[in-house]
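Below is one structure, written out as structure tokens, with a few remarks after it.
The values are calculated or read from the model by the stated rules, or taken from the named source; none is laboratory data. Remember, it's a predicted structure, so these values are computed and weren't measured experimentally. Here the Cβ positions follow ideal geometry from the backbone for every residue, glycine too, while neighbour counts run over all protein chains shown.
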């Protein structure tokens, strides 16, 4: 018989604890087994096709876990039962271990009996498009089968397991969204940071991490985005506050950098997008661009304007501030050839001067993945 309901709260605490600390899953399984007088247990994640994706076990030796995960889970009739019941429902197949049952087969004799398993209870904890989560409890020989008189305690534990599984699923979704949004930030060629209304940095891409390093006019101060110039710092803080309140307002700033002027754009992060960062406060996206360092990849220029490889390399070099003389010396291509390529680029881009061409090239989105 299951233990007193009074201990349920303590078991539930361990169940919810494993959501935030997966390493505590064994401890939670031990508490569940103790409450339901089971000798061993496992928490299984099963694919829609029936494959074993993940297994946490309590009180099963390494050999049993290895045997089950590599082979015997494919023969486990309990998984078939659990897959066919509703979430929260329990499956007990007492006939499976009845010696009069001629269909016991390899799973029972070669796995269960060999590893001391005599009775099994299985239950579906959760199910989604990626598979199902189930719990399996086992009793050794000499114990009685799992019975309906375990029901009250079992029902409460199942309710907690289901709730914990929903929480874990929500957290995993947030982690995935968080990872996607973070990777999207890394794709920016310019520095991009997600900040709170106080300027506390929640996410920063690789370009931003480089920008706020030593010697930069832009830096982190106690975890907050700041500028070394008090006047610039005041303007930036005001723009961030404006983007993190209702109604929100975007701002564009020109702030001093260590090597020239930096262009800063501060925009509100929509609430629907901010939820992916798992932060409850309003957020702003700060993009910091250095016009002097913007140099779109030649491949991008070539694809956008239909330039040849040589023409796109020339335009990219010009956009970095290099002169025809410097490019000719660096590449070994004559100035006459470069002028011919430049004239062709004018025609294809609809520009009439080198200044117009460079200005156009610098409007090309600069993505980190292009370099």
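Across the stretch 200-232, what is the total count of residues that are farther than 14 Å from residue 286 by Cβ and either in contact with a helix residue (DSSP H, G or I) (Cβ under 6 Å, 6 or more places away or on another chain) or not in a loop (DSSP other than H, G, I, E, B) (or both)?
The qualifying residues number 5.
Considering only the stretch 210-238, state which residues are within 31 Å of the chain's Cα centre (by Cα), surrounded by fewer than 14 Cβ atoms within 10 Å (Cβ to Cβ) and closer than 20 Å to residue 258 by Cβ.
Here is the first cut: in the stretch 210-238, the residues within 31 Å of the chain's Cα centre (by Cα) are 210-214, 216, 218-227, 236-237.
So of that shortlist, the ones also surrounded by fewer than 14 Cβ atoms within 10 Å (Cβ to Cβ) come out as 210, 213-214, 221-223.
Within the stretch 210-238, 210, 213, 214, 221 meet the criteria.
Within the stretch 312-326, which residues are in contact with a helix residue (DSSP H, G or I) (Cβ under 6 Å, 6 or more places away or on another chain) and surrounded by fewer than 19 Cβ atoms within 10 Å (Cβ to Cβ)? Steps first, please.
Pass one, the stretch 312-326, residues in contact with a helix residue (DSSP H, G or I) (Cβ under 6 Å, 6 or more places away or on another chain): 312-319, 324.
Residue satisfying the conditions is 324 alone.
Within the stretch 12-39, work out how many residues are surrounded by 19 or more Cβ atoms within 10 Å (Cβ to Cβ) and closer than 17 Å to residue 90 by Cβ.
Residues meeting the conditions: 7.
Could you go through the stretch 44-59 and let me know if any residue there is in the same structural domain as residue 130 (by TED's automatic domain parsing), surrounded by 19 or more Cβ atoms within 10 Å (Cβ to Cβ), outside any helix (DSSP H, G or I) and touching a residue at least 60 places away in the same chain (Cβ under 8 Å).
The answer is yes, given that some residue of the stretch 44-59 is in the same structural domain as residue 130 (by TED's automatic domain parsing), surrounded by 19 or more Cβ atoms within 10 Å (Cβ to Cβ), outside any helix (DSSP H, G or I) and touching a residue at least 60 places away in the same chain (Cβ under 8 Å).
Yes or no, residue by residue, for (1) surrounded by 14 or more Cβ atoms within 10 Å (Cβ to Cβ); (2) modelled with pLDDT of 85 or more; (3) under 30 Å from residue 7 (Cα atoms):
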position	(1), (2), (3)
67	yes, yes, no
90	yes, no, yes
101	no, no, no
116	yes, yes, yes
124	yes, yes, yes
127	yes, yes, yes
149	no, no, yes
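Do we have any residue at all in the stretch 151-160 that's part of a helix (DSSP H, G or I), modelled with pLDDT of 85 or more, buried (at least 17 other Cβ atoms within 10 Å of the Cβ) and in contact with a strand residue (DSSP E or B) (Cβ under 8 Å, 6 or more places away or on another chain)?
Within the stretch 151-160 (the criterion being part of a helix (DSSP H, G or I), modelled with pLDDT of 85 or more, buried (at least 17 other Cβ atoms within 10 Å of the Cβ) and in contact with a strand residue (DSSP E or B) (Cβ under 8 Å, 6 or more places away or on another chain)), the answer is no, since none of the residues qualifies.
Which one is nearest to the chain's Cα centre (by Cα) among residues in the stretch 164-174 that are in contact (Cβ under 8 Å) with a residue 40 or more places away in the chain and surrounded by fewer than 16 Cβ atoms within 10 Å (Cβ to Cβ)? Let's see the steps before the verdict.
Keep residues of the stretch 164-174 that are in contact (Cβ under 8 Å) with a residue 40 or more places away in the chain, which gives 164-169, 171, 174.
Checking which are surrounded by fewer than 16 Cβ atoms within 10 Å (Cβ to Cβ) leaves us with 166-167, 169, 171, 174.
On the way: 166: 17, 167: 16, 169: 12, 171: 10, 174: 7 Å.
Looking at the filtered set, the residue picked out is 174.
Checking residue 300 against (1) outside any loop (DSSP other than H, G, I, E, B); (2) under 30 Å from residue 246 (Cβ atoms); (3) modelled with pLDDT under 85: exactly one of these is not met. Which one?
Condition not satisfied by residue 300: (2).
Would you say residue 23 is under 15 Å from residue 56 (Cβ atoms) and modelled with pLDDT of 90 or more?
Working: under 15 Å from residue 56 (Cβ atoms): yes; modelled with pLDDT of 90 or more: no.
Considered against the rule, which asks whether it is under 15 Å from residue 56 (Cβ atoms) and modelled with pLDDT of 90 or more, residue 23 comes out as no.
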